[in-house]
Amino acid sequence: MANCRRCWVLQLLVIAKDGRGVILNGWCFYIILLTLIFAPFYFKTQIATLPQFLEKRYGPASRTFVAFMGTVIGGLKSVMLTETVQTIILISGAVLLTIFPILELPRHGIISFALFKDA
């Protein structure tokens, strides 16, 4: 995003300096175009979010539905991410708690499985 920001600022400076239009390329062109098209609409209607737009267009039930779905999907994503991180930590801990004691056995005179069973 920083590259794009720098890109369109430089291109706007080129437009201002030369006094003529230039062909804007990449994402910068689309961002500027969308801003020029949609910003006046949003300012005029005083809409800031997609749920607000849906409420004005289709009624309050649509806003509630979209907000609920966003909460459910966002909530499920965060739960999945949390469980993934916790699983990695738990498995890593179990592996380390298995490996370290096995590596310490020779220090205590246990160098074979038979000696381990007898101990």
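Quick look at the numbers
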| item | result |
| --- | --- |
| So Gln86, is it of a type outside the set (Lys, Arg), exposed (fewer than 10 other Cβ atoms within 10 Å of the Cβ) and farther than 30 Å from Asp118 by Cα | no |
| Near pairs, Cβ below 6 angstrom, 6+ apart or cross-chain, from segment 37-57 (free of Cβ contacts under 8 Å to residues at least 60 places away in the same chain) to any residue that is loosely packed, with under 10 Cβ neighbours inside 10 Å and among the aliphatic types (A, V, I, L, M) | none |
| Wholly within segment 50-119, helices (runs of 4 or more DSSP H) carrying at least 3 residues that are modelled with pLDDT of 90 or more | 60-104 |
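Okay, residues lined up against (1) farther than 30 Å from Gln52 by Cα; (2) among the hydroxyl-bearing types (Ser, Thr, Tyr); (3) surrounded by 10 or more Cβ atoms within 10 Å (Cβ to Cβ):
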| residue | (1), (2), (3) |
| --- | --- |
| Val79 | no, no, yes |
| Val95 | yes, no, yes |
| Ile99 | yes, no, yes |
| Pro106 | yes, no, yes |
| Lys117 | yes, no, no |
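The values are calculated or read from the model by the stated rules, or taken from the named source; none is laboratory data. Here the structure is a predicted model, which means the values were calculated and not measured. Please note: Cβ atoms are built from the backbone with ideal geometry, for glycine as well, and neighbour counts cover all protein chains shown.
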